[in-house]
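**Q** Below you'll find the structure I mean.
The values are calculated or read from the model by the stated rules, or taken from the named source; none is laboratory data. Just so it is clear, the structure is predicted and the values come from calculations on it, not from any experiment. In this analysis, Cβ positions are derived from the backbone assuming ideal geometry, glycine residues included, and neighbour counts consider all displayed protein chains. What goes into the accessible areas is simple: the full protein's heavy atoms, side chains included, and nothing from ligands, DNA or RNA. Shrake-Rupley method; radii C 1.70, N 1.55, O 1.52, S 1.80 Å.
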Amino acid sequence: MSLPSMSASMVARATVRAVSKRKILATRAALTLTPSAVNRIRNLLEDKPEYIGLKVGVRTRGCNGMTYTLDFTKQKDQADEEVLQDGVRVFIEKKAQLTLLGTEMDFVESKLSSEFVFNNPNIKGTCGCGESFNM
């Protein structure tokens, strides 16, 4: 399933899930990617050679306080943390780094939607639609 043509400002919809009773495992990366997320990122970037990866940010909005943003990026900013996994690069904006510690980024497809999902053990709650969260 491919997404309609998108501007560089928005890659896809993202959902946040609070994950309870999950230990935060010590890893080298703040964010881990599932094979499904790796494949989707690779597919999104394959016809966009001017971009080097995706950038994850966090913005204050939504009914529960914060929401993640996903954008294509052409460069790594000085304060970005880089996650390199299975040949794909995801850059985490400085403001989002602490909110993502121990988080798993997945890509989920159903009959009605396809989206990146952040399985985050650090969040305290989400809104009804799952797009915003609080910590």
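**Q** Take D47 and tell me if it is open to solvent by less than 50 Å² (accessible area, probe 1.4 Å) and modelled with pLDDT of 85 or more. Spell out the reasoning first.
**A** Working: open to solvent by less than 50 Å² (accessible area, probe 1.4 Å): no; modelled with pLDDT of 85 or more: yes.
When the stated conditions are applied, D47 does not pass them.
**Q** Which count do you get for residues in region 93-106 that are open to solvent by 20 Å² or more (accessible area, probe 1.4 Å) and touching a Phe, Trp or Tyr at 6+ places or on another chain (Cβ under 6 Å)?
**A** The qualifying residues number 0.
**Q** Can you name the residue in region 105-133 that is modelled with pLDDT of 90 or more, under 11 Å from the mean Cα position of the chain (by Cα) and not aromatic (F, W, Y) and is also farthest from V56 (Cα to Cα) among such residues?
**A** Among them, the one singled out is D106.
**Q** Could you please find all residues in region 59-92 being within 24 Å of R42 (Cβ to Cβ), touching a residue at least 24 places away in the same chain (Cβ under 8 Å), in a loop (DSSP other than H, G, I, E, B) and open to solvent by 40 Å² or more (accessible area, probe 1.4 Å)?
**A** If the condition is that a residue be within 24 Å of R42 (Cβ to Cβ), touching a residue at least 24 places away in the same chain (Cβ under 8 Å), in a loop (DSSP other than H, G, I, E, B) and open to solvent by 40 Å² or more (accessible area, probe 1.4 Å), then K74, K76, D86, G87 are the ones that fit.
**Q** Suppose the filter is open to solvent by less than 40 Å² (accessible area, probe 1.4 Å), under 20 Å from P35 (Cβ atoms) and of a type in the set (G, A, S); does S114 pass it? Walk me through it before giving the result.
**A** Working: open to solvent by less than 40 Å² (accessible area, probe 1.4 Å): yes; under 20 Å from P35 (Cβ atoms): yes; of a type in the set (G, A, S): yes.
Judged against the criteria, S114 is a match.
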